[in-house]
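See below for the structure under consideration.
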Amino acid sequence: MLRTMCRTGGALLKHSRRSVPSQWTTPVRQRWASSLPLNTVVLFVPQQEAWVVERMGKFHRILEPGLNFLIPVLDRIRYVQSLKEIVIDVPEQSAVSLDNVTLQIDGVLYLRILDPFKASYGVEDPEYAVTQLAQTTMRSELGKLTLDKVFRERESLNSNIVHSINQASDDWGIRCLRYEIKDIHVPPRIKDSMQMQVEAERKKRATVLESEGTRESEINVAEGRKQAQILASEGEKQEQINQAAGEANAVLAKAEAKSKAIRLLSDALAEQNGNAAASLSIAEQYVSAFSNLAKESNTILLPSNTGDISSMVTQAMTIYSSLAKQSPPRNAPGETTPSKEEPQQPPSAH
């Protein structure tokens, strides 16, 4: 008997689920729902479903998944709630942003029924109520943002909508898991303006980058010229210092050489036959000077007795003798200075 009743209940339940669904008409969209199962005394509740049972019109209990027994006529299955995650397509709607731009926006809502009792008796149509709440909340949140921020802060906009829905849907036994915006449609004129704005922004960035590159290039070139001038001036300074030091060393070397030459000349004149050697040197210089007069200048000055070389040599030796008398004589090593009473004999002419 029990087996026959179970088979009959299962067949009736299967037939009831195959029946044509009833149409629920809402102002926004059309939603389809399965008809309620009949009370066949023995019922099998599927997993992740909650069947709300009323006894004589009053809430009695919620059937658990599996085998359940009901009293005919007295018990009635009033609501069937799915405990799975429900996906609701939020229809496209108009919204005005903070900068008075009209947008066409739609989304997808993910929710789950946590309390079948509240979902059955707290609101007439929970899915429709959540959909309307999502639409109004979305319009409210979009009114707080400008058009640019709507695209940049899309994630924060979704989270704000979910938070607002959960605050209102606690009494309905529904939990909103997430909300995702699918498409945002902008008017064609606004879209063209945004495209022009993006192009202008890119041109601006390109111009700024190009100017910064030009500035950096000019700065680098100026810095290089500055360093080159500094190095050139330092090199010129060091060159002048080295040239001055070289000239000073050359002057000192020439002075020392001349001093040594004068000492050697004085020592040679103090020796025997030194005057004859001096006469020969002066005669040679005289002849060399006359040979270069016509080479270095167009003006030639000649003495009256140009052909008398002996007189010129005699005159030069006389000047030398007079200068030698004015300076004190130098003593050779090992010789004594003669006294003033002893007259010095002039050198004999050879």
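Structure notes:
- A full extension of the chain between I71 and H163 corresponds to an added length of 28.9 nm, given 0.36 nm per residue minus the alpha carbon distance.
- Cα centroid of the stretch 76-148 to Cα centroid of the stretch 224-254, whole Å: 88 Å
- Proximal aspartates and glutamates relative to K182, as straight alpha-carbon distance under 13 Å, when same-chain residues fewer than 8 apart are discounted: D89, E92, D106, E155
- In the stretch 72-147 the Cα-Cα distances spread across 10 Å bins starting at 0 as 17, 37, 24, 15, 5, 2, 0 percent of all pairs.
- Extending 7 Å from the Cα toward the beta-carbon at both I241 and R154 defines two label points whose distance is 7.0 nm.
- Reciprocal of mean inverse Cα separation for the stretch 114-200 (Kirkwood radius, Å): 14.8 Å
- Rounded FRET efficiency, nearest 0.05, which uses the C-beta distance separating L83 from Q104 and R0 of 35 Å: 0.55
- Each peptide in 37-47, 194-204 was scored by the mean count of other Cβ atoms within 10 Å over its residues; highest first, the order is 37-47, 194-204.
- Taking all protein chains together and a 1.4 Å probe, the residues W51, W172 rank W172, W51 from largest to smallest accessible area.
- Across the stretch 43-57, coupling constants 3J(HN,Hα) worked out from phi with the 6.51/-1.76/1.60 Karplus curve, θ = phi - 60°, read 10, 10, 8, x, 5, 6, 9, 10, 9, 8, 10, 10, 10, 6, x Hz, and Gly and Pro carry x.
- Residues of the stretch 105-142 falling in the label zone of E92, defined by backbone nitrogen less than 13 Å from a point 7 Å along Cα to beta-carbon, are 105-107.
- Remark: the stretch 135-261 is approximated by an ellipsoid whose semi-axes, taken from the C-alpha gyration tensor as √(5λ), come to 84, 20, 7 Å, largest first.
The values are calculated or read from the model by the stated rules, or taken from the named source; none is laboratory data. Just so it is clear, the structure is predicted and the values come from calculations on it, not from any experiment. In this analysis, Cβ positions are derived from the backbone assuming ideal geometry, glycine residues included, and neighbour counts consider all displayed protein chains. Just the protein is used for accessible areas: all its heavy atoms, side chains included, with ligands, DNA and RNA removed. Shrake-Rupley method; radii C 1.70, N 1.55, O 1.52, S 1.80 Å.
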